Every structure is written in C-alpha cells, then in structure tokens.
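Working notes for the structure below.
The values are calculated or read from the model by the stated rules, or taken from the named source; none is laboratory data. Please read these numbers as outputs of a predicted model, since none were measured by experiment. In this analysis, Cβ positions are derived from the backbone assuming ideal geometry, glycine residues included, and neighbour counts consider all displayed protein chains.
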Amino acid sequence: MRHDQSTAAAGTVAEQCAPEAREQQPKKKKFRWKVDYYGILFIVPFFVVYAIFSLYPMIYSVVLSLTDYAGFNRDIHLIGFENFVWLAQQARFWQSLLNTVIIFCMNFVPQMLFALIFAAMFTGKTYKMRGKGVFKGIYYLPNILTATSVAVMFYTLFARPSGGLWQLLTHMGMSTDYNLYLFPWPSRIIIAFIRFWMWLGNSMITLSAGILGINPSVFEAAQLDGATQKDIFLHITLPLIKPIVVYSLVVSTLGGLQVFDIPYLFLSGGPALTDGRYATETVAVYIYKIAFDGDMRYNVASAASVYLFVICMLVSFVLFRITHSDELKQEKRLARRLAKRGGVA
C-alpha cells in the first residue's frame, strides 16, 4: 500500500511540474510559408541577376585565362598559366598599371580633401552660408553628365588649334605651338582633373550625409567647452564619420583601378610612348584593346582581368586592415586589461 501511495504522489507531483517544464522549454520556430514565402520571392531576383551578370562572367573569365582562345577560333585547349606568365613579361601591361595608379592618385587625393572641406562648410552649424542647396547642386551636376559628353567637351576645349583654350591664348597674343595631347603628363593631368571634376560632388554629398547623421548635441557640448571649429572637425567630426570615409576610400579606390570611360574616350590611351606603351592607357583600356582590337586575344584579356581582380582584392584588404588597425589595437588593450583583472571589467 505504501508503495502504491508513493507512486501516486510522485505521479501527481510530475503532473504539476509538467506544465512548468513545458513553459520553460524554448518553442521551436515553425516556418510560416505564407509569410516567409514573400521574403524569399524578394531576394531571389537579386541572386538570379547576380549569378547571370556577375558570377558567371567572373568564372568564365577565369576559365578563359587558362586557355588559348583567341579570335574566332573554336578549337580551345587548356594551356595552364602561360597567359599569366606572358602577361607578366609585357612592359605595356605594367605601364598600364602604373598609369592607373598615377591617374588615381592625382584625382583621388585632392577629391577627398576638397570633399571634406566643402562637406564641413555646407554642414557647419556656426558658419551660416546662403544658397547651400544651389552650391551642392552645382558641385553634383558633373556626376550626372555622361562620360561621353564630358570627354568630348574637354577634348574640344584643349584641342589645337580650334579648341576654346587655344582660341583664348591666340586672342591674348600667346604662343599656341604647344599641343598638350602629344605629351604624357599634361594628358594624365587633364584626365585626372576630369575624374576629379566629375566625382567631387558625389564624394561631398556622401560625406555631408555622414556629418549630418552626427548628434548635434555633441557639437554643442564641444562648443560649450571652448573647442574651436578646427578642433571640432579634427577630433569629433572626422572620428565619427570614419566609416563613411572608409566607404568612400574603398569604393573610390576600386573605381579608380577599374577606370575605363574617360581614358578611352578622351585619347584612347594615348599619347604613345616607346616599346608599344601608352601614357594614359589604364588596365581596363588595355584589357579592352587586347580583347577587341587586332588578334582579339580573349585569353590574355581574361588573364589581365584576373590580375586586376586580385589587385582589387588585395588593395581592399589592405585598406580595411589599415583603417581598422586602431580598433583592433583598442580591442587588444581591453583584452589585456581584462586578463590582468581576472576577466572583470
């Protein structure tokens, strides 16, 4: 009898505790097809478009770089890394890479500098500037224009002897025998200036949006503490918009390494140098010419594309490491302090 009574009592306690145990157990989320189905439908088009227009061309380029595919030849054979070895021995390829870096540096450094200055001016709280919206529109207007129209406009401006610049110099009585398009550095400077003129407004708007996203109370507190505008910009504004600056830096760097439109439309990579090299031929222009001019060596162009892809990946990695080095150092210092204190903050 006692055994039966104890068994019944245990069963009663188990029944009383069962609801509480059921409540404590986490409920498994069920897939709500009627609701989640719409989310899947929305993201599927992106992956389809990316796979067709980005992923497949990338894979196909890598495959072509390992073959001897050129011209209209359909008899394709795998040749390994011969295209990469041959390309690494070409002075024209390295000259195009050097031209890309030179044009990018001459364009990007002043672009970011002036973009930061204008963004600080247009978003400043103490300095009231009239017509900020008009000036922003004027600076952003070149970014709306097509590269073709901009290249034609600047080409006619500096062309000799019918260009606007040469007409002005002639009316001023100055000599007009100097043709800028026949010399390497003037041609590079003009292309870099065109890139600077076209993308200054875009960088300025991006940085202005980052500054406007800062809480105004931070600036007000700094002003009450007696900080000058220079101190506020250097020690408050710049650190707080660091993610925006890093974004602009990475995007502009990748765009500068892949620049094609202005160098090709302006002088088609010219003027010519020695050993088949060109003064303003970038890597993208070199790839286009190798692929669609002359022998149409798609295999070599694909190998150059792979080189450019690897360079872009390495540059992006280095930029992220450099820009996040301070954060990593702070995390390591915090981890050391916690280790010394026994894990207590």
Q. Would you pick out the residues in segment 84-96 that are touching a residue at least 24 places away in the same chain (Cβ under 8 Å) and either touching an Asp or Glu at 6+ places or on another chain (Cβ under 8 Å) or surrounded by fewer than 19 Cβ atoms within 10 Å (Cβ to Cβ) (or both)?
A. Phe84, Trp86, Ala91, Arg92, Gln95, Ser96
Q.
Looking at segment 166-173, can you tell me whether even one residue there is of a type in the set (S, T, N, Q) and modelled with pLDDT of 90 or more?
A. no
Q: Could you grab me the full set of residues in segment 288-315 that are of a type outside the set (D, E, K, R) and outside any helix (DSSP H, G or I)?
A: Gly294, Met296
Q) Can you pull out the residues in segment 197-231 that are β-branched (Val, Ile, Thr) and either in a loop (DSSP other than H, G, I, E, B) or surrounded by 20 or more Cβ atoms within 10 Å (Cβ to Cβ) (or both)? A) Ile211, Ile214, Thr228
Q. Is it the case that some residue within segment 158-173 is surrounded by 18 or more Cβ atoms within 10 Å (Cβ to Cβ), of a type in the set (Gly, Ala, Ser) and assigned to a helix (DSSP H, G or I)?
A. no
Q | helices (runs of 4 or more DSSP H) fully within segment 29-115 counting 2 or more residues that are of a type outside the set (Asp, Glu) and touching a helix residue (DSSP H, G or I) at 6+ places or on another chain (Cβ under 8 Å) | A | 56-64, 82-88
Q | Restricting segment 112-134 to residues that are within 13 Å of Ser208 (Cβ to Cβ) and surrounded by 16 or more Cβ atoms within 10 Å (Cβ to Cβ), the residue that is modelled with the lowest pLDDT | A | Gly124
Q.
Please count how many residues of segment 236-287 are more than 30 Å from Ser208 (Cβ to Cβ) and in a helix (DSSP H, G or I).
A. 9
**Q.** Number of the condition not met by Asp295 [criteria: (1) in contact with a helix residue (DSSP H, G or I) (Cβ under 9 Å, 6 or more places away or on another chain); (2) modelled with pLDDT under 90; (3) surrounded by fewer than 19 Cβ atoms within 10 Å (Cβ to Cβ)]
**A.** (1)
Q.
I need the full set of residues from segment 236-256 which are buried (at least 19 other Cβ atoms within 10 Å of the Cβ) and basic (Lys, Arg), in order please.
A. none
Q.
Considering only residues that are over 16 Å from Trp185 (Cβ atoms), in contact with a Phe, Trp or Tyr (Cβ under 6 Å, 6 or more places away or on another chain) and surrounded by fewer than 21 Cβ atoms within 10 Å (Cβ to Cβ), which ones fall in segment 257-286?
A. Ala284
Q) Going through segment 112-129 one residue at a time, which ones are under 16 Å from Tyr140 (Cα atoms), without any contact (Cβ under 8 Å) to a residue 24 or more places away in the chain and either among the charged types (D, E, K, R) or touching a Lys or Arg at 6+ places or on another chain (Cβ under 6 Å) (or both)? A) none
Q | Meets criteria (within 30 Å of Thr100 (Cβ to Cβ), of a type in the set (Val, Ile, Thr), without any contact (Cβ under 8 Å) to a residue 24 or more places away in the chain and assigned to a helix (DSSP H, G or I)) for Ile194 | A | no
Q: Kindly check whether there is at least one residue in segment 98-111 that is in contact (Cβ under 8 Å) with a residue 60 or more places away in the chain, surrounded by fewer than 18 Cβ atoms within 10 Å (Cβ to Cβ) and closer than 29 Å to Asp231 by Cβ.
A: yes
Q. Residues in segment 150-169 that are closer than 18 Å to Pro271 by Cβ, of a type in the set (A, V, I, L, M, F, W, C) and touching a residue at least 40 places away in the same chain (Cβ under 8 Å): how many?
A. 2
(Q) With the structure loaded, tell me whether Gly213 is small (Gly, Ala, Ser), touching a Ser or Thr at 6+ places or on another chain (Cβ under 9 Å) and modelled with pLDDT of 85 or more or whether it fails that test. (A) no
